[in-house]
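First comes the structure, then the notes that go with it.
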Amino acid sequence: MNTKSHKKEITFTQGPIGIALIRFALPVLGALILQAAYGAVDLMVVGMFCTPASLSAVGTGSTLMSMVTFILTSLAMGSTVTIARHIGERKPELAGRTVGTTIVLFTAIGIVMTGILELFIPNLVSLMQVPADSVALTIDYLRICSAGILVIIAYNVIACILRGVGNANLPLLFVAIACAVNIAADFLFVGGMQMDVAGAAWATVLAQFVAVLAALFFVGRTDLGFSIHKKDFRFYPAELRQILRIGIPIALQELTVQISFLFINAIVNSMGLLPSAGYGVAQKITSFIMLVPSALMQSVSAYVAQNIGANLRKRADRGTLIAILGGTAAGLVMFAIGFLQAPLLSSFFTSDPGVIAQSSDYIRGFSFDCVLTCTLFSFIGYFNGLGRTAPVMWQGILSALLVRIPVSMLMAGLPDTTLFNVGLAAPISTILGIFFFLGCLWYYRRKENKYNSHY
């Protein structure tokens, strides 16, 4: 691939740490905001033009598709970290091989996932205890979205590759394009053509397709710091092992987390149509609230990987601490907004008073997680960047199985329970995750100190 434009990647191994992290994190955050926005637009437009049954269908369907996307993006984090490590090591040829291996790998995964989703959608909808009025609509939404899974994977893989080389600006541009297309298509398909949930699904797939075309156009004209050749588009065993070694534990962690939230979704669905619709609205709002921690995680992962590749361990540690402190300050702001303005936020998606009340209850319970998750996600980014992703996997599994799911069941079974109680499961599980990572840090540092004392 010939490089033509000026290089815009951020070097994490030199200069002020805070400035480098902010310069990278802000476009990542902007991209996440826009990505959440065009997902939320589906729900807003459906809430304006359709019934609560349609709102429940899009809320449940988008939750399932988000789970699939998050898992695949988490697997692609193996590519982000591997590319960033090769950049730090100044090995551009290996970075090119990693990109080629990544593209071949995720093309194969996308084809397999399309078949699996199309076959098992009715079973998934049944497992999620979707209200009877919403079952057929949810299946319609998921069939359309799953048919476009290759497009969704393509966009997210390109974004992960770019972040690995320190370029967060182009993914922001691509999401902005997708957001504009999605908003226009939602109003056309759902509002104008009265296509109901099918219109929202087609709008999402179309937006991602346009974003992929834009990505292919701009990436071909951008200096990545290394060249990509035709010979790179195959499985290189060493690169494939590294991608999977790092990515699979992250993906398993994300799978466990997402399954636990699907479990919560099923619990809420069993509470009736209004709680189901309210939870769907709340999920869109909490996805906005949690964007700062998500941006921190992606930024810290790339930052730490580049510095470890350059053998700058202390700089990697300092950057992680700065991310935790800055993220916690931002998390306090997001907590205040979520807790105090939950009804106002919910009213952007629906005018139904019952749905607004249910959504507000969940948001208030969940909002305590804002502050805590900034620390948790910074730790996740740190261990991802180190390439030690087994602790990330075990944290996700233990938090979900020992806390989030049991607490959700307990809260849902209380007399006269509300979604506020169910929402508390998230911050309680995050506390366990933080203590788990602190224990892992102590263990690894103790192990390293013993090794250094012997040599």
Is at least one residue of region 203-214 within 24 Å of Ala302 (Cα to Cα), modelled with pLDDT under 85 and of a type outside the set (Val, Ile, Thr)?
no
Ser408: within 22 Å of Asn265 (Cβ to Cβ), of a type in the set (Ser, Thr, Tyr) and not in a loop (DSSP other than H, G, I, E, B), yes or no?
yes
Please list, ordered by first then second residue, the pairs with beta carbon atoms under 6 Å, 6 or more apart or interchain, first in region 72-90 and under 19 Å from Leu255 (Cα atoms), second among the charged types (D, E, K, R) and surrounded by 24 or more Cβ atoms within 10 Å (Cβ to Cβ).
Thr80/Arg163
Spot the failing condition for Asp416; the list is (1) at positive phi; (2) touching a residue at least 60 places away in the same chain (Cβ under 8 Å), and only one is missed.
(2)
Does Asp317 count as among the acidic types (Asp, Glu), out of contact with any Cys (no Cβ under 8 Å at 6 or more places or on another chain) and over 30 Å from Arg90 (Cβ atoms)?
no
Name the residue that is nearest to Ser79 (Cα to Cα), counting only residues in region 306-327 that are of a type in the set (A, V, I, L, M, F, W, C) and outside any helix (DSSP H, G or I).
Ala310
Under 7 Å between Cβ atoms, which residue pairs at least 6 apart in sequence (or on different chains) link something in region 26-46 that is without any contact (Cβ under 8 Å) to a residue 12 or more places away in the chain and farther than 15 Å from Ile289 by Cα with a partner that is among the small types (Gly, Ala, Ser) and buried (at least 23 other Cβ atoms within 10 Å of the Cβ)?
none
Picking from Ser146, Ser134, which residue would you name as being modelled with pLDDT under 90 and in contact with an Asp or Glu (Cβ under 9 Å, 6 or more places away or on another chain)?
Ser146
Does any residue in region 95-106 that is without any contact (Cβ under 8 Å) to a residue 60 or more places away in the chain come within less than 9 Å, Cβ to Cβ, of a residue that is among the aliphatic types (A, V, I, L, M) and crowded, with 21+ Cβ neighbours inside 10 Å six or more places away or on a different chain, and which pairs are these?
Phe106/Leu72; Phe106/Leu75; Phe106/Ala76; Phe106/Ile153; Phe106/Ala154; Phe106/Val157
Of the conditions (1) hydrophobic (A, V, I, L, M, F, W, C); (2) buried (at least 24 other Cβ atoms within 10 Å of the Cβ); (3) under 18 Å from Ala84 (Cα atoms); (4) touching a residue at least 60 places away in the same chain (Cβ under 8 Å), Phe383 clears all except one; give me its number.
(4)
Single condition Val46 does not satisfy, out of (1) surrounded by fewer than 24 Cβ atoms within 10 Å (Cβ to Cβ); (2) at pLDDT 85 or above; (3) β-branched (Val, Ile, Thr)
(1)
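The values are calculated or read from the model by the stated rules, or taken from the named source; none is laboratory data. Since the structure is predicted, the reported quantities are computational estimates derived from the model, not experimental observations. As a convention, Cβ positions derive from the backbone with ideal geometry for all residues, glycine included, and neighbour counts pool all protein chains shown.
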